[in-house]
Amino acid sequence: GDNFAFKFTGYLYIATDGIYNFYTNSDDGSKLKIGNFTVVDNDGLHGAQERQGSIGLRRGLHRIEGTFFEKTGGQVFEVSYEGPGITKQIIPTSVLFTDPAGII
C-alpha cells in the first residue's frame, strides 16, 4: 500500500576502525543515523534514488537508526555500506543487533 512510514533502531557491529560509506536507496524519503549523526539524508518525495554519506567509526557497537516513508509510487528502502575490507553491500543481518548484550 501507500502512505506509511517506519523507523528501525538497533546496533551495528564494526570489526575494523576506519572510514565507512553508508547509502540509502529509497522511494520516497529516508534518513540514516549512526550514533547521534545523520550520515545519509535522502528525505523528500522522489522516485528511487540513492544518497551517500561517510563517517569514521571505531571497532565495536554503534547505534543505528533508519527512517523511511512512502507516499505513492514505488516502495524501495535499502541500506548499504562499505569500508575497510568490505565491498559495497546491503548491511548483512550478521552485523546488526537489537540487543548489544547479544555480542558482548
Checklist outcome for this item: Among strands (runs of 3 or more DSSP E) entirely inside the stretch 1-100, those with 2 or more residues being at pLDDT below 95 and β-branched (Val, Ile, Thr) are none
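When you scan the stretch 36-58, do you find a residue that is open to solvent by less than 60 Å² (accessible area, probe 1.4 Å) and touching a residue at least 60 places away in the same chain (Cβ under 8 Å), even just one? Break it down into steps so the answer makes sense when it comes.
Step one: of the stretch 36-58, the residues open to solvent by less than 60 Å² (accessible area, probe 1.4 Å) are 39-40, 42, 44, 46-47, 49, 53, 55-57.
Subsequent filtering for residues that are touching a residue at least 60 places away in the same chain (Cβ under 8 Å) retains none.
Looking through the stretch 36-58, none of the residues is open to solvent by less than 60 Å² (accessible area, probe 1.4 Å) and touching a residue at least 60 places away in the same chain (Cβ under 8 Å).
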Item to check | Leading residue by the ranking (farthest from Leu96 (Cα to Cα)) among those in the stretch 45-79 that are β-branched (Val, Ile, Thr) and touching an Asp or Glu at 6+ places or on another chain (Cβ under 9 Å) | outcome: Thr72
Checklist outcome for this item: Taking the stretch 64-98 and keeping only residues that are surrounded by 14 or more Cβ atoms within 10 Å (Cβ to Cβ) and closer than 18 Å to Thr16 by Cα, one is left with Ile64, Ser80, Tyr81, Glu82, Gly83, Ile86, Ile91, Val95, Leu96, Phe97
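The values are calculated or read from the model by the stated rules, or taken from the named source; none is laboratory data. Fair warning: this is a prediction, and the values are worked out from it, not measured in the lab. All Cβ positions, even for glycine, are placed from backbone atoms using ideal geometry, and neighbour counts span all protein chains on display. When the accessible area is computed, the model is the full protein with side chains, heavy atoms only, and any ligands, DNA or RNA have been set aside. Shrake-Rupley method; radii C 1.70, N 1.55, O 1.52, S 1.80 Å.
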